Amino acid sequence: MAKQAVRRMFLTVLAVVWLTLSPASHAAVEILPEVSLTVDGRAILDHAAVVAHPTVQEILAAFGRAEAAVQKQDLDPLLQFYAKGYNYHGLKPADVRRIWGEVFTHYRNLSSTHLFSEVKVFRSGSQLHAEITCTGGLYGTEAQGGTRITLDSWFHEVHYLVHEGGAWRFLGNAGAAPSTAPFTSSPHHPLF
């Protein structure tokens, strides 16, 4: 079991490093082989069954639409991925628009990676929710200078989604807000 965890960690790090160094613009939204899916308390561990599950397909499609908007640097379609009640440490949808606008102004050849290792889907009242454990990052080339950099990265971050208006939308992330930002932090947080 420990050997498999080390192998998974190595492959995840390798994928993130490769995508960071790759100059091409691309998006990767993938379900890792060891993924688990829980739907209303029922666990599904078979990778093929997880990938084929209609809810997982809908979630992948939502991320795909958001990724296509990032590739085109098109704010309006990208913002459709965010829920009305989006709240990331006090940042609301208007803040998301401003921050993504800054990212699009200052960076080119954006690429991202989302590697899902766990998906939990449950009903809260009348609404479907999802918690997705994800590792990945957002990368870009500086418009001035041409340096390829990591704009944001995350490891086993829990993305919260809600099924709203007929589609899955991003509601926020798990974790407490840091009290101070480290000196190495990016000037933009893509909130994604």
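The values are calculated or read from the model by the stated rules, or taken from the named source; none is laboratory data. Here the structure is a predicted model, which is why all the values come from computation and not from measurement. Backbone-built Cβ (ideal geometry, glycine too); neighbour counts: all protein chains shown.
So that you can scan it fast, the table gives a plain yes or no per residue for (1) modelled with pLDDT of 90 or more; (2) assigned to a strand (DSSP E or B); (3) buried (at least 20 other Cβ atoms within 10 Å of the Cβ):
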position: ARG98; (1), (2), (3): yes, no, no
position: GLU102; (1), (2), (3): yes, no, no
position: LEU110; (1), (2), (3): yes, yes, yes
position: TYR139; (1), (2), (3): yes, yes, yes
position: HIS159; (1), (2), (3): yes, yes, yes
position: PHE183; (1), (2), (3): no, no, no
position: SER186; (1), (2), (3): no, no, no
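Could you check the range 60-90 and list, in sequence order, the residues that are of a type in the set (D, E, K, R) and either buried (at least 16 other Cβ atoms within 10 Å of the Cβ) or within 14 Å of the chain's Cα centre (by Cα) (or both)?
Residues satisfying the conditions are ARG65, GLU67.
Taking GLU67 as the residue in question, decide whether it is touching a Ser or Thr at 6+ places or on another chain (Cβ under 9 Å) and not in a strand (DSSP E or B).
yes
Residues checked against (1) farther than 21 Å from ASP74 by Cα; (2) free of Cβ contacts under 8 Å to residues at least 60 places away in the same chain; (3) in contact with a Leu (Cβ under 8 Å, 6 or more places away or on another chain); (4) surrounded by 14 or more Cβ atoms within 10 Å (Cβ to Cβ):
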position	(1), (2), (3), (4)
LYS92	no, yes, no, no
THR105	no, yes, no, no
HIS114	no, no, no, yes
VAL121	yes, no, yes, yes
ALA130	yes, no, yes, yes
THR147	yes, yes, no, no
SER153	yes, no, yes, yes
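If you go through the range 39-59 one residue at a time, how many are at pLDDT 95 or above, touching a Lys or Arg at 6+ places or on another chain (Cβ under 9 Å) and surrounded by fewer than 16 Cβ atoms within 10 Å (Cβ to Cβ)?
Residues flagged as at pLDDT 95 or above, touching a Lys or Arg at 6+ places or on another chain (Cβ under 9 Å) and surrounded by fewer than 16 Cβ atoms within 10 Å (Cβ to Cβ) within the range 39-59 amount to 0.
Looking for something under 16 Å from the mean Cα position of the chain (by Cα) and of a type in the set (Phe, Trp, Tyr) - is there at least one such residue anywhere in the range 108-127?
Yes, the range 108-127 contains at least one residue that is under 16 Å from the mean Cα position of the chain (by Cα) and of a type in the set (Phe, Trp, Tyr).
Applying the selection to the range 118-131, what residues are touching a helix residue (DSSP H, G or I) at 6+ places or on another chain (Cβ under 8 Å) and either closer than 12 Å to LEU32 by Cα or at pLDDT below 95 (or both)?
VAL119
Within the range 68-87, can you find the residues that are closer than 19 Å to HIS163 by Cβ and not aliphatic (A, V, I, L, M)?
Of everything in the range 68-87, those that are closer than 19 Å to HIS163 by Cβ and not aliphatic (A, V, I, L, M) turn out to be PRO77, GLN80, PHE81, TYR82, LYS84, GLY85, TYR86, ASN87.
Show the residue pairs meeting these rules: Cβ distance below 6 Å; 6+ apart or different chains; first residue within the range 36-47 and in contact (Cβ under 8 Å) with a residue 12 or more places away in the chain and among the polar types (S, T, N, Q); second residue buried (at least 16 other Cβ atoms within 10 Å of the Cβ) and assigned to a strand (DSSP E or B).
Correct list of pairs: SER36/GLU118; THR38/LYS120.
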